[in-house]
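**Student:** Would you mind keeping the following structure in view while I ask a few things?
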Amino acid sequence: MVPAMPSKPYLLYYWPSIQGRGEFVRLLLEDAGAPYVDVARQPPAEGGGVAAMLKLLEGAAPGALAPFGPPFLRHGNLVLAQTALILHWLAPRHGLVPKAEAARLHAHQLQLTVTDFLVEVHDTHHPIASSKYYQEQQPEAKRRAAEFLANRLPKYLGYFERVLRANGGKFLVGRGHSYVDGSLFQLVEGLRYAFPKAFRALEPKVPRTLALADRVAARPRLAAYLASGRRVPFNEHGLFRRYPELDAG
Ligand SMILES: N[C@@H](CCC(=O)N[C@@H](CS)C(=O)NCC(=O)O)C(=O)O
């Protein structure tokens with residue numbers, strides 16, 4: 001049985017103007033139809049804004065471990081950071097992962113692989129320092145992105161495609177949709193935005209991944225979310241950035 005919805009909304013803290021890592025949590029919450037407040041996107045007068053998020057990063061929640069960085073989720077006394085861990089905690093509460101321990105761990109393992117992949121996506125435009133502008137590290141970004149597109153992108157996507165095939169072709173884990181399917185959808189969306197040419201060239205090699213992404217996008221609550229103003233558009237401040245000079249030639 002899927003546990004009841006929380007009586008109080010979850011509080012999600014993430015940068016308000018990008019999808020970034022927070023989007024993986026938003027997708028789960030939206031798919032679950034769970035009540036949540038995207039705190040940094042609320043007006044400061046109502047206790048929201050980036051300042052409210054920074055306050056918690058400085059350790060303002062008594063008794064809770066201060067997160068290193070966003071996204072983090074607050075529910076009652078619990079403050080939980082690390083995208084993969086947040087999803088691992090939320091998913092069983094909303095029936096978005098199978099109940100069996102091995103399946104839950106496999107989902108978590110796959111989400112941690114998504115975490116690794118996102119670092120490499122980020123490093124295509126910021127290979128030297130997150131604190132410096134892209135324009136200050138453009139030559140290095142070009143070399144890094146070329147290597148990423150030639151070797152790492154096909155390796156990661158090929159891996160997820162193989163996992164799908166080995167599990168019957170439709171779902172990454174178990175016999176039904178789980179949050180990691182939502183995460184793979186988000187990777188497809190991000191890659192299509194950031195590297196349209198390179199991704200198109202890889203499409204024939206990952207048919208199951210593409211079909212999964214279509215099915216996820218058609219899930220009723222997610223379709224409504226994707227069409228809504230709550231979905232922040234991709235932009236050149238997030239993880240997936242469209243710099244045509246970094247895409248395949
Ligand atoms: N491993 C963490 C990474 C968190 C992270 O890098 N958050 C970014 C935003 S997407 C941030 O603002 N980090 C602060 C920093 O690295 O200084 C996760 O997957 O949630």
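**Student:** Rounded, prolate or oblate, given the Cα gyration tensor of the chain, with a/c below 1.5 counting as rounded?
**Tutor:** oblate
**Student:** For the stretch 1-126, give me the percentage of DSSP beta bridges that are antiparallel, rounded to the nearest 5 percent.
**Tutor:** Percentage antiparallel, nearest 5: 70.
**Student:** Let me ask something else about it. Once each part is reduced to its C-alpha centroid, what is the distance from the stretch 174-230 to the stretch 81-154 in angstrom?
**Tutor:** 15 Å
**Student:** Just in the stretch 90-199: which trypsin sites (Lys or Arg not before Pro) are loop by DSSP and have at most 11 other Cβ atoms within 10 Å?
**Tutor:** K99, K132, R175
**Student:** Okay, moving on. Taking K205 as the anchor, which lysines have their alpha carbon closer than 22 Å to its alpha carbon, excluding any fewer than eight residues away along the same chain?
**Tutor:** Straight-distance partners of K205: K155, K170, K197.
**Student:** Okay, moving on. Report the relative contact order of the chain, percent, no decimals, based on alpha-carbon pairs under 8 angstrom and at least 6 residues apart.
**Tutor:** Numbers: 347 pairs, mean separation 51.7, N = 249.
Relative contact order here is 21 percent.
**Student:** Considering only the other residues whose Cβ falls under 14 Å of the Cβ of P35, what net charge follows from Lys and Arg at +1 and Asp and Glu at -1?
**Tutor:** With Lys, Arg at +1 and Asp, Glu at -1, the neighbours total +3.
**Student:** Further question on the same structure: With a cap of 15 neighbouring Cβ atoms within 10 Å, and only residues DSSP puts in a loop, list the chymotrypsin sites (Phe, Trp or Tyr not before Pro) found in the stretch 116-150.
**Tutor:** Taking the stretch 116-150 and a limit of 15 other Cβ atoms within 10 Å, the loop chymotrypsin sites (Phe, Trp or Tyr not before Pro) found are Y133.
Coordinate-derived values only; no laboratory data. These numbers come from a predicted model, not from an experiment. Backbone-built Cβ (ideal geometry, glycine too); neighbour counts: all protein chains shown.
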